[in-house]
Amino acid sequence: MFRDAEDHNVFINLMALHSFSTGTEIMADAEMSTHVHQGVFADNPMEFARRERMSYTKYFNAKYGREGRLGQKYTFVVKVLGLYHILAMLSYVLRNGLHHGASPTAFGYPFCSVRDMFSEDIGLCGDVAVPMSRADIASRLPRYSDFPDSFQMNERGVFVRSSFMELRRTEQFYSSPRNFLYQMNRISDESWSQEQLKDDTGTPITLKDIENADEKTVAKMLNNEYGRNFNRTRLQDLDVCTLIDKELCRPFGANSVYELTESQKMRIARQLKYDFHVSDAQISRCLVL
């Protein structure tokens with residue numbers, strides 16, 4: 001779903017615009033290469049997701065010469081009630097980069113709101129807005145986009161999360177920077193579920209619920225929490241996709257992976273495997289096989 005940094009930037013801007021148009025309060029988000037997680041307070045989360053998906057799909061298809069739906073047909077929604085249930089949900093979203101092996105800690109993954117939480121207290125480098133007129137902001141957005149004056153952009157033309165997300169409200173669930181750091185680094189075990197029983201609002205939220213994944217996949221994610229499986233020299237999906245679209249497609253006269261024939265994809269697949277040591281699963285994802 002995200003083949004380069006520009007894709008991530010466009011998605012964040014669309015997320016901000018549609019949160020405003022639907023009255024959705026975004027508490028936490030994480031954009032992975034194949035899926036998106038968002039923790040929101042919303043009267044109609046499906047309408048927010050529909051608008052966001054339609055806008056981003058239109059952009060993505062136009063950029064890469066693609067047609068059809070992007071992602072699964074339906075948005076997967078889990079209703080969360082209770083202080084400890086919400087805290088668990090937010091923590092799972094913010095730790096997504098860690099769970100998927102994209103970073104050695106939750107804070108190492110850039111396409112997530114985790115770095116904007118308690119940034120001044122912890123000493124993190126949260127996103128910084130730059131002075132920009134409303135006209136300048138509008139010029140970086142789809143035509144006729146509506147947004148409040150409180151929305152601010154950084155130097156890359158991307159809405160700063162602190163200007164459109166409910167980060168301070170999210171911080172209140174963690175009470176303190178110290179507890180936030182603990183929650184970002186604790187190991188998922190039975191204590192997470194035991195804590196949620198204090199809410200008396202239903203079955204505890206688990207990583208399996210949030211990911212909607214099978215047992216094998218969840219077990220791998222839980223193992224990633226220790227940070228031992230992270231390989232800094234391994235190419236991430238974004239690296240592989242950029243390599244394909246910017247370099248490996250060009251000898252075939254193609255501008256993106258979607259313009260390649262199956263035989264051309266297989267030739268690139270062999271090159272990725274033997275020259276760049278990319279795994280079969282990653283090749284399949286990034287080459288859309």
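The values are calculated or read from the model by the stated rules, or taken from the named source; none is laboratory data. Predicted, not measured: the structure shown is a model, and the values here were computed from it. Note that we place each Cβ from the backbone using ideal geometry, even for glycine, and neighbour counts take in every protein chain shown.
Laid out as a table, the results:
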{"quantity": "For Y144: the one exception among (1) part of a helix (DSSP H, G or I); (2) among the aromatic types (F, W, Y); (3) free of Cβ contacts under 8 Å to residues at least 40 places away in the same chain", "calculated": "(1)"}
{"quantity": "R95 being free of Cβ contacts under 8 Å to residues at least 40 places away in the same chain and either touching a strand residue (DSSP E or B) at 6+ places or on another chain (Cβ under 9 Å) or buried (at least 17 other Cβ atoms within 10 Å of the Cβ) (or both)", "calculated": "no"}
{"quantity": "Matching option when the condition is buried (at least 19 other Cβ atoms within 10 Å of the Cβ) and within 30 Å of R234 (Cβ to Cβ), among C112, C125", "calculated": "C112"}
{"quantity": "Wholly within the range 42-100, helices (runs of 4 or more DSSP H) carrying at least 1 residues that are β-branched (V, I, T)", "calculated": "45-64, 83-94"}
{"quantity": "Residue in the range 113-129 that is assigned to a loop (DSSP other than H, G, I, E, B), touching a residue at least 60 places away in the same chain (Cβ under 8 Å) and out of contact with any Pro (no Cβ under 6 Å at 6 or more places or on another chain) present", "calculated": "yes"}
{"quantity": "Residues of the range 195-243 classified as aromatic (F, W, Y) and under 25 Å from K273 (Cβ atoms), total", "calculated": "1"}
{"quantity": "Considering residues of the range 58-78 that are in contact (Cβ under 8 Å) with a residue 24 or more places away in the chain and among the hydrophobic types (A, V, I, L, M, F, W, C) only, the residue farthest from A254 (Cα to Cα)", "calculated": "V78"}
{"quantity": "Qualifying positions in the range 36-70 - of a type in the set (F, W, Y) and touching a strand residue (DSSP E or B) at 6+ places or on another chain (Cβ under 6 Å)", "calculated": "F41"}
{"quantity": "Sole exception among (1) within 27 Å of G97 (Cβ to Cβ); (2) in the same structural domain as L81 (by TED's automatic domain parsing); (3) touching a residue at least 40 places away in the same chain (Cβ under 8 Å) for V278, by number", "calculated": "(2)"}
{"quantity": "Matching option when the condition is out of contact with any Gly (no Cβ under 9 Å at 6 or more places or on another chain), on the phi < 0 side of the Ramachandran plot, buried (at least 22 other Cβ atoms within 10 Å of the Cβ) and not polar (S, T, N, Q), among A49, A62, A16", "calculated": "A16"}
{"quantity": "Residues located in the range 1-41, provided they are of a type in the set (A, V, I, L, M, F, W, C), assigned to a strand (DSSP E or B) and farther than 26 Å from D245 by Cα", "calculated": "I26, M27, A28, V40, F41"}
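Conditions tested, residue by residue: (1) under 19 Å from D7 (Cα atoms); (2) in a loop (DSSP other than H, G, I, E, B); (3) at pLDDT 95 or above; (4) assigned by TED's automatic domain parsing to the domain that holds G71.
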residue	(1), (2), (3), (4)
V218	no, no, no, yes
R232	no, yes, no, no
C241	yes, no, yes, no
I244	yes, no, yes, no
N255	yes, yes, no, no
Q264	no, no, yes, no
A269	no, no, yes, no
L272	no, no, yes, no
